[in-house]
Amino acid sequence: HLLKLELVTCARAAGFRAELEVAAPTGEWRADVMVFTADGSWLMALEAQLSPITVEEIAARTGLYERDGVGVCWFGLRPRPWVGSVPTLLVQAPEEQGQAWTVAAGLARFCDWPVSWSPAGATLSEAVAWMLTGRIVPHTPVASSRRVTNEGEWGEWADGWTRFWNDSWGLWWTAPAYATRDAECAREQAEARRRRDAKEKAAAQQRVAREGEKARKKAAKDRAYKQFWGRTGLDRQAWRYFRAMAESYFDLDLVFGAPDARYGDGRPVYERGGPDGEDWTLVGVACPDPCRLRAWAEELALLVPSHADLDDLAGRAWAPFQVYVLDPYTGEMDQERVLPTPVSP
């Protein structure tokens with residue numbers, strides 16, 4: 001009874017007409033305190049809900065008020081399962097005569113850096129005046145922060161006061177400007193997530209493309225090696241001997257590349273130099289396909305594993321070629337400058 005009297009007193013102090021125990025013509029609801037507009041229509045019901053009620057029941061009663069165009073706020077003194085599921089203010093009675101009723105929970109302010117909600121203090125009289133004049137509105141948070149916490153603390157309003165220990169307040173009273181800024185932050189966060197998701201999607205697509213390109217290059221490289229081994233008749237052991245003979249013969253630090261179509265499907269041979277061995281100089285081509293010789297054959301040394309390969313190159317020479325025979329099976333090493341075959345008159 002004292003809380004109802006306090007609510008009607010606060011509404012009247014704010015300049016509104018307010019009456020106790022006002023019922024709907026249909027009898028579907030009875031407001032503890034009904035506040036009226038200047039033209040006599042219903043404005044807001046102020047409900048002192050101290051007796052037990054379920055979340056479903058209080059939601060249904062709130063729905064009836066909303067259906068009839070009446071705002072509502074439920075006031076409580078102690079922890080209850082329904083707090084924060086409907087527009088709620090938890091209040092505290094004065095400890096001594098002459099002191100004011102105060103708001104204990106249900107009123108919050110918004111900070112957008114970092115995005116957070118914190119409790120706002122007020123007397124009950126101030127809070128009632130603010131809600132009746134639209135200076136505060138019930139708001140369901142939409143940005144990433146959906147809890148009201150004191151700065152530097154993890155606990156929130158009425159911790160453990162709801163049906164389950166981890167329930168949170170679903171809505172609270174705040175200034176319209178804070179509600180607007182909360183919505184703006186939610187849009188900014190959604191846009192940031194969209195950009196992040198788009199960036200991650202693009203990065204994933206790039207990874208897939210790189211992996212696909214890498215797989216294609218590997219497949220092409222595998223095919224080139226398979227064709228190289230098949231054409232030259234060399235196995236990997238013979239190739240190791242061939243490379244060792246080349247390094248010994250030229251007394252150079254050599255690097256043999258993969259079969260390369262630019263050099264007649266032969267393997268380019270590089271001399272490695274520089275302080276850290278990072279400078280590679282192309283000095284020859286190993287085992288090129290005699291049918292695919294080009295102008296580079298006139299300038300680079302040609303390394304072959306047999307004299308039969310030398311004869312084949314000699315039969316196709318159109319200019320002087322420098323050919324080195326490095327036979328991995330006999331250990332024979334030879335070099336010869338191949339000249340073009342003279343054309344008969």
*asked:* Exactly one condition in (1) open to solvent by 50 Å² or more (accessible area, probe 1.4 Å); (2) over 27 Å from Ala190 (Cα atoms) is false for Ala127; which is it?
replied: (1)
_Given (1) farther than 19 Å from Leu3 by Cβ; (2) in a loop (DSSP other than H, G, I, E, B), number of the condition Pro94 does not satisfy_ = (1)
_I want to confirm something. Restricting to region 41-55 and keeping residues that are in a loop (DSSP other than H, G, I, E, B) and in contact with a strand residue (DSSP E or B) (Cβ under 8 Å, 6 or more places away or on another chain), which single residue is most open to solvent (accessible area, probe 1.4 Å)?_
Leu50
*Qualifying residues in region 151-188 (those that are under 13 Å from Gly106 (Cα atoms) and at pLDDT 95 or above) - the one most open to solvent (accessible area, probe 1.4 Å)*: Ala175
*Only one of these is among the charged types (D, E, K, R), assigned by the TED database to the domain that holds Pro268, surrounded by fewer than 16 Cβ atoms within 10 Å (Cβ to Cβ) and not in a strand (DSSP E or B): Asp334, Asp311. Name it.*
Asp311
*Does Arg243 satisfy the condition of being assigned by the TED database to the domain that holds Asp309, closer than 18 Å to Leu282 by Cα and either loosely packed, with under 14 Cβ neighbours inside 10 Å or touching an Asp or Glu at 6+ places or on another chain (Cβ under 9 Å) (or both)?*
no
*Those residues of region 66-75 which are under 22 Å from Leu5 (Cα atoms) and either in a loop (DSSP other than H, G, I, E, B) or more than 42 Å from the chain's Cα centre (by Cα) (or both), in sequence order*: Val70
*Across region 262-280, what is the number of residues that are without any contact (Cβ under 8 Å) to a residue 12 or more places away in the chain, open to solvent by 60 Å² or more (accessible area, probe 1.4 Å) and not charged (D, E, K, R)?*
1
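Let's see how each residue does on (1) open to solvent by 10 Å² or more (accessible area, probe 1.4 Å); (2) in contact (Cβ under 8 Å) with a residue 24 or more places away in the chain:
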residue: Arg78; (1), (2): yes, yes
residue: Pro81; (1), (2): yes, yes
residue: Ser85; (1), (2): yes, yes
residue: Ala104; (1), (2): yes, no
residue: Ala108; (1), (2): no, yes
residue: Cys111; (1), (2): yes, no
residue: Val115; (1), (2): yes, yes
*Return yes or no: is Ala18 touching a residue at least 40 places away in the same chain (Cβ under 8 Å) and not aromatic (Phe, Trp, Tyr)?*
no
*Among the listed residues Val148, Val128, which satisfies the condition of being modelled with pLDDT of 95 or more and farther than 18 Å from Ala59 by Cβ?*
Val128
*asked:* Looking at Glu28 and the list (1) open to solvent by 70 Å² or more (accessible area, probe 1.4 Å); (2) under 24 Å from Trp101 (Cα atoms); (3) of a type in the set (D, E, K, R), which single condition is not satisfied?
replied: (2)
*How many of the residues in region 314-330 are open to solvent by 50 Å² or more (accessible area, probe 1.4 Å) and part of a helix (DSSP H, G or I)?*
1
*Taking region 213-232 as the search range and keeping residues that are more than 11 Å from Ala258 (Cα to Cα) and not charged (D, E, K, R), which one is surrounded by the most Cβ atoms within 10 Å (Cβ to Cβ)?*
Thr232
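The values are calculated or read from the model by the stated rules, or taken from the named source; none is laboratory data. Quantities reported herein were computed from a predicted structural model and do not represent experimental measurements. Cβ coordinates were reconstructed from backbone atoms using ideal geometry, including for glycine residues, and neighbour counts include every protein chain displayed. Only protein heavy atoms, including side chains, enter the accessible area calculation; ligands, DNA and RNA are left aside. Shrake-Rupley method; radii C 1.70, N 1.55, O 1.52, S 1.80 Å.
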